[in-house]
Amino acid sequence: MLKEIKYFLLLNILPPVIYAIITFIRLTSRIEHINRSKVDESWQRGENFIICFWHGRLLMMPFANIRGKGKVLISRHRDGEFIARVIRFFGLDAIRGSYRKKTVSSVREIMSSIRHGFDVAITPDGPKGPRYKVKKGIIELARITKAGIVPVTYSAGKKKTFKSWDRFVLPLPFSRIVFLWGEPIYINKDMDEEAMEDMRLHLENKLIELTEEADRIACGR
């Protein structure tokens, strides 16, 4: 019974509270977007992307959804339902499942969403890690959808970093928040396994590099 009460509170009481907290952080903070010009140009041409960021930099990502047409891939786990309910307050839809090839329904929904003008956001080290390790499924997904992968991250001048597996970052109010964008990465449909592994490592290294750079910029170093 106690577990059911906790689950009810998790899904029905906490999401609007989390939304209010995130909104307060946004309203009291100064947000900057760096190196987004090429993505903006592609958006203006009607291109849609797979937006890729680390699980630990999830919290403020609704404010990276500049165009207002985004969906987020979220696991079918119970914690995933909590995240899905939070992002609805930001006008974002959830795709429940995985981007692995065996999860056919999720892959089809991702492909359909991209065709209908949505960007799809994915945490390539989620939902349970290892931290800062890109899973190869996102490369395969980019190959079959023909959508470019855009790595993006954020950091804050004042923040709390939790001791969770993903080192989850919570920006503090009245802070400087920096979003740092990478250029789109495209996967050729004729790539072999070795080339796709090279692209996986390239994406992983780029996201690590962007995250370290965002931390330096946000802190004024």
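The values are calculated or read from the model by the stated rules, or taken from the named source; none is laboratory data. All values reported here derive from a predicted model rather than from experimental measurement. For neighbour counting, all protein chains shown are included, and Cβ atoms are generated from backbone atoms with ideal geometry for every residue, glycine included.
Listing for the model above:
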read-out	value
Qualifying positions in the range 28-67 - touching a strand residue (DSSP E or B) at 6+ places or on another chain (Cβ under 6 Å), among the β-branched types (Val, Ile, Thr) and under 20 Å from Ala84 (Cα atoms)	Ile50, Ile51
Test: Ile25 is farther than 25 Å from Glu204 by Cβ and either among the aliphatic types (A, V, I, L, M) or in contact with a strand residue (DSSP E or B) (Cβ under 8 Å, 6 or more places away or on another chain) (or both)	yes
Checking Ile87 against (1) surrounded by fewer than 21 Cβ atoms within 10 Å (Cβ to Cβ); (2) closer than 26 Å to Lys3 by Cα, the condition it does not meet	(1)
Candidates Ile51, Ile31, Ile22, filtered to the one that is within 20 Å of Pro124 (Cα to Cα), touching a residue at least 24 places away in the same chain (Cβ under 8 Å) and in contact with a helix residue (DSSP H, G or I) (Cβ under 9 Å, 6 or more places away or on another chain)	Ile51
Leading residue by the ranking (surrounded by the fewest Cβ atoms within 10 Å (Cβ to Cβ)) among those in the range 142-194 that are charged (D, E, K, R) and either in a strand (DSSP E or B) or in contact with an Asp or Glu (Cβ under 8 Å, 6 or more places away or on another chain) (or both)	Lys160
Qualifying residue in the range 116-138 (condition: more than 24 Å from Trp43 (Cα to Cα) and in contact with a strand residue (DSSP E or B) (Cβ under 6 Å, 6 or more places away or on another chain))	no
Condition check for Ser98: crowded, with 19+ Cβ neighbours inside 10 Å and assigned to a loop (DSSP other than H, G, I, E, B)	yes
Any pair with Cβ under 8 angstrom, 6 or more apart, that starts in the range 126-153 at a residue that is among the acidic types (Asp, Glu) and ends at one that is surrounded by fewer than 18 Cβ atoms within 10 Å (Cβ to Cβ) and not in a strand (DSSP E or B)	Glu140/Lys101; Glu140/Met196
All positions within the range 48-80 that are in a helix (DSSP H, G or I) and small (Gly, Ala, Ser)	Gly56, Ala64, Gly80
Within the range 195-221, tally of residues that are surrounded by 13 or more Cβ atoms within 10 Å (Cβ to Cβ) and at pLDDT below 95	1
Check on Ala214, out of contact with any helix residue (DSSP H, G or I) (no Cβ under 7 Å at 6 or more places or on another chain), more than 18 Å from Met60 (Cα to Cα) and not in a loop (DSSP other than H, G, I, E, B)	no
Within the range 82-92, considering residues that are assigned to a helix (DSSP H, G or I) and touching a strand residue (DSSP E or B) at 6+ places or on another chain (Cβ under 8 Å), the one farthest from Lys160 (Cα to Cα)	Arg88
